[in-house]
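All remarks here apply to the structure that follows.
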Amino acid sequence: MKPDPKLDLTLERTIDVPPRLLWKAWTEPRHLLKWYCPLPWKVVECDIDLRPGGLFRTLMRGPGKGEEQVITGCYLELVENRKLVWTDSLVADFRPNAEPFLTFTAVIEMQAKGKGTKYSALVMHKDPETRKKHDEMGFRDGWGKATDQLAEFAKTL
């Protein structure tokens, strides 16, 4: 997929663990709880129904009183150890999401590179305004920190 700079945000890293460990960290709730959002925020609940049409839901809690964010989405495509595609535009069984977080689709790709992984995230937005809002919310810093946390956590698996 070729990113559209007007609509998409991207992140790429080389991570020194194999794709199967990143996949495990992304697809098992007990693991995702450990790294998914940038500290000091934490994921306190996670539901994963790992199938196209399956639910992907996280409840994140911030350090301040009452700071919470729920993201509910739906898996669109899964290629074990290689690719996860999910959207917050839909919920389980491809039903429209009445309250999407931002209305985006995330494509996470993991390609073996030596003993490590070329890891990339493509986040596609419905319009330039939504992309800008996500960027201004701290996409690069937030997704970057979460990816660093993923890389460190995956080494423990």
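Results, tabulated for the structure shown:
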read-out: Positions within the range 89-138 being among the small types (Gly, Ala, Ser), surrounded by 14 or more Cβ atoms within 10 Å (Cβ to Cβ) and more than 15 Å from the chain's Cα centre (by Cα), in sequence order; value: 92, 116
read-out: Residue list for the range 76-88, restricted to those being surrounded by fewer than 14 Cβ atoms within 10 Å (Cβ to Cβ) and hydrophobic (A, V, I, L, M, F, W, C); value: 79
read-out: Selected residue (only one of 42, 24 is in contact with a strand residue (DSSP E or B) (Cβ under 8 Å, 6 or more places away or on another chain), surrounded by fewer than 18 Cβ atoms within 10 Å (Cβ to Cβ) and either modelled with pLDDT under 95 or charged (D, E, K, R) (or both)); value: 42
read-out: Test set (1) over 11 Å from the mean Cα position of the chain (by Cα); (2) within 30 Å of residue 4 (Cβ to Cβ) - residue 59 fails condition number; value: (2)
read-out: Odd one out for residue 83 among (1) touching a strand residue (DSSP E or B) at 6+ places or on another chain (Cβ under 6 Å); (2) over 20 Å from residue 28 (Cβ atoms); value: (2)
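The values are calculated or read from the model by the stated rules, or taken from the named source; none is laboratory data. Predicted model only: the values in this text are computed from it and were never measured. Every residue, glycine among them, receives a Cβ derived from its backbone with ideal geometry; neighbour counts consider all protein chains shown.
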